[in-house]
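Input: a single structure, listed below in structure tokens.
The values are calculated or read from the model by the stated rules, or taken from the named source; none is laboratory data. Everything numeric here is computed off the predicted structure, so don't read it as measured data. Cβ placement follows ideal geometry from the backbone for every residue including glycine, while neighbour counts extend to all protein chains displayed.
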Amino acid sequence: METVETRFSNKVSAQLEQFSRVQALLVAACTMERLWMLFEGWTKHESAPYLHVKPETFRRPARYLLDLFWEQIWKEQPYGDYREEYNRFHNQVQSSFDENDGQDVDFGDARLLLDAIECYGFTFFDTPEAVSKRRERQRSGFYIPFITTTRYITSCVTLYAYRLFYDFLPTEFCIENSIRRIDKEQQPLVDDYVEQHPLWREEVARIEDDISAAHDYPSNKELFMARKELYSNLQLPSLRC
């Protein structure tokens, strides 16, 4: 069943397919930067049960990786050279809790940026050779549909919107309508609710504006340098239900 989220995601993916690699990564970096304040707030003010370290220990390495992403874009480099730094951060996060407790760690709003970096950060250095190896791994054993790099970038770009559609706004819809769960008959109503909601419309507008401007990159580099600073201080609404 096609939803407002899948239509938007497919639209974004089709647009990114027409971009250079640097332009597509630029849009992803913008999304990551918008998530920074939510992440930073968690590292400063939250504690997390089952986490063996203080949340603040993630702040500096996460910021370091984000700055590496931006530096790559400013230099107009299609592929970065910092897989080691990326792996180090991934291992730091994974070793910060016991494996059996992983599902119980409350990362709160920080989960958004952590997912963006851990699940999609590799696209910044995903060379053709790495893509080929991933394709071969997915062919071996049982069949797994191959996911293109553009699709991974799209998932990063739409990460906040995705959570709005599948988590936060449906919960709000249920509370406002005094229902416990959403069935198939109610899904069109949820679609309409999300599509008209200010949070959804604002995030869609930001993504569309980033895509429109990225089409002219790098001739408008100064615009994106200013936008990076704007997004770095943008306080998105919390998605904690």
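Some values worked out for this structure:
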item	result
Test result for Tyr231, buried (at least 17 other Cβ atoms within 10 Å of the Cβ), touching an Asp or Glu at 6+ places or on another chain (Cβ under 9 Å) and more than 18 Å from Phe69 (Cβ to Cβ)	no
Only one of Phe97, Phe58 that is over 21 Å from Ala130 (Cβ atoms), part of a helix (DSSP H, G or I) and among the aromatic types (Phe, Trp, Tyr)	Phe58
Pairs with Cβ under 6 Å, 6+ apart, first in the range 188-209 and at pLDDT below 95, second in a helix (DSSP H, G or I)	Val190/Pro170; Val190/Phe173; Asp191/Val4
Count of residues meeting criterion [surrounded by 14 or more Cβ atoms within 10 Å (Cβ to Cβ) and in a loop (DSSP other than H, G, I, E, B)] in the range 176-206	3
Count of residues meeting criterion [among the hydrophobic types (A, V, I, L, M, F, W, C) and within 24 Å of Leu199 (Cβ to Cβ)] in the range 15-51	13
Index of the failed condition, Leu26 passing every other in (1) within 24 Å of Pro237 (Cα to Cα); (2) modelled with pLDDT under 95	(2)
The range 207-220, subset part of a helix (DSSP H, G or I), out of contact with any helix residue (DSSP H, G or I) (no Cβ under 7 Å at 6 or more places or on another chain) and not polar (S, T, N, Q), residue nearest to Thr150 (Cα to Cα)	Glu208
Any hit, the range 163-185, residues being without any contact (Cβ under 8 Å) to a residue 60 or more places away in the chain and under 14 Å from the mean Cα position of the chain (by Cα)	no
Residues (assigned to a helix (DSSP H, G or I) and either within 19 Å of the chain's Cα centre (by Cα) or among the basic types (Lys, Arg) (or both)) located in the range 71-84	Glu71, Gln72, Ile73, Arg83
Residues satisfying the stated conditions in the range 142-175, i.e. assigned to a loop (DSSP other than H, G, I, E, B) and either closer than 26 Å to Ala110 by Cα or hydroxyl-bearing (Ser, Thr, Tyr) (or both)	Tyr143, Ile147, Thr148, Thr158
Test: residue in the range 193-214 that is touching a Lys or Arg at 6+ places or on another chain (Cβ under 7 Å) and of a type in the set (A, V, I, L, M)	no
Any hit, the range 197-220, residues being within 19 Å of Val4 (Cβ to Cβ) and basic (Lys, Arg)	yes
Some residue of the range 29-47 being more than 20 Å from Ser232 (Cβ to Cβ) and assigned to a loop (DSSP other than H, G, I, E, B)	yes
Check on Tyr231, within 14 Å of Cys30 (Cβ to Cβ), in contact with a Leu (Cβ under 7 Å, 6 or more places away or on another chain) and of a type outside the set (D, E, K, R)	no
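Yes/no per residue for (1) of a type in the set (Ser, Thr, Tyr); (2) surrounded by 18 or more Cβ atoms within 10 Å (Cβ to Cβ):
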site: Thr3; (1), (2): yes, no
site: Leu26; (1), (2): no, yes
site: Lys44; (1), (2): no, no
site: Leu66; (1), (2): no, yes
site: Arg83; (1), (2): no, no
